[in-house]
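K.L.:
Encoded as structure tokens, here's the structure I'll be asking about.
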Amino acid sequence: MDHDAELDALGLLCPLPVLKARKRLDALQPGQVLKVIADDPAAIIDVPHFCHEQGHELISQADVPDGQVYLIRKAAR
């Protein structure tokens, strides 16, 4: 899927992947998509929880050789 911005959070540990995702999403327009690449084991729980709490749509979550890839659509506020 196409995305509007990308965040490489490889090597970052909780809570940094979510904090950096929040900052990148703040810069996007509602409806735009952020791709996050993370290898923190806690991100599997933290990213979906963050999306749910903030109203963003977690479009997909997939395992890749380096970790996980998340596609997040910014909520319309």
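K.L.:
Taking into account only those residues within segment 21-50 that are open to solvent by 80 Å² or more (accessible area, probe 1.4 Å) and not in a loop (DSSP other than H, G, I, E, B), which is farthest from ALA76 (Cα to Cα)?
P.N.:
ILE45
K.L.:
Let me ask something else about it. Among the numbered criteria (1) among the acidic types (Asp, Glu); (2) surrounded by fewer than 16 Cβ atoms within 10 Å (Cβ to Cβ); (3) outside any helix (DSSP H, G or I), which one does GLU53 miss?
P.N.:
Here GLU53 clears every test but (3).
K.L.:
Within segment 4-20, which residues are open to solvent by 40 Å² or more (accessible area, probe 1.4 Å) and not in a loop (DSSP other than H, G, I, E, B)?
P.N.:
GLU6, ASP8, LEU16, LEU19, LYS20
K.L.:
What pairs can you find where one residue is in segment 61-77 and in contact (Cβ under 8 Å) with a residue 60 or more places away in the chain, the other is part of a strand (DSSP E or B) and open to solvent by less than 30 Å² (accessible area, probe 1.4 Å), and their Cβ atoms are less than 9 Å apart, with a gap of 6+ or different chains?
P.N.:
Correct list of pairs: LEU71/VAL33; LEU71/LEU34; LEU71/VAL36.
K.L.:
Just to be sure, is ILE59 in contact with a Leu (Cβ under 6 Å, 6 or more places away or on another chain) and not basic (Lys, Arg)?
P.N.:
yes
K.L.:
Here is a follow-up. I'd like the full set of residues that are aliphatic (A, V, I, L, M) and open to solvent by 50 Å² or more (accessible area, probe 1.4 Å), limited to segment 65-77. Show your work before the answer.
P.N.:
Taking segment 65-77 and keeping what is aliphatic (A, V, I, L, M), we get 69, 71-72, 75-76.
Within segment 65-77, just ALA76 meets the criteria.
The values are calculated or read from the model by the stated rules, or taken from the named source; none is laboratory data. None of these values were measured; they are calculated from a predicted model. Positions of Cβ are generated from backbone atoms using ideal geometry, with glycine treated the same way; all protein chains shown enter the neighbour counts. To get the accessible areas, we keep the full protein, side chains included, count just its heavy atoms, and leave off ligands, DNA and RNA. Shrake-Rupley method; radii C 1.70, N 1.55, O 1.52, S 1.80 Å.
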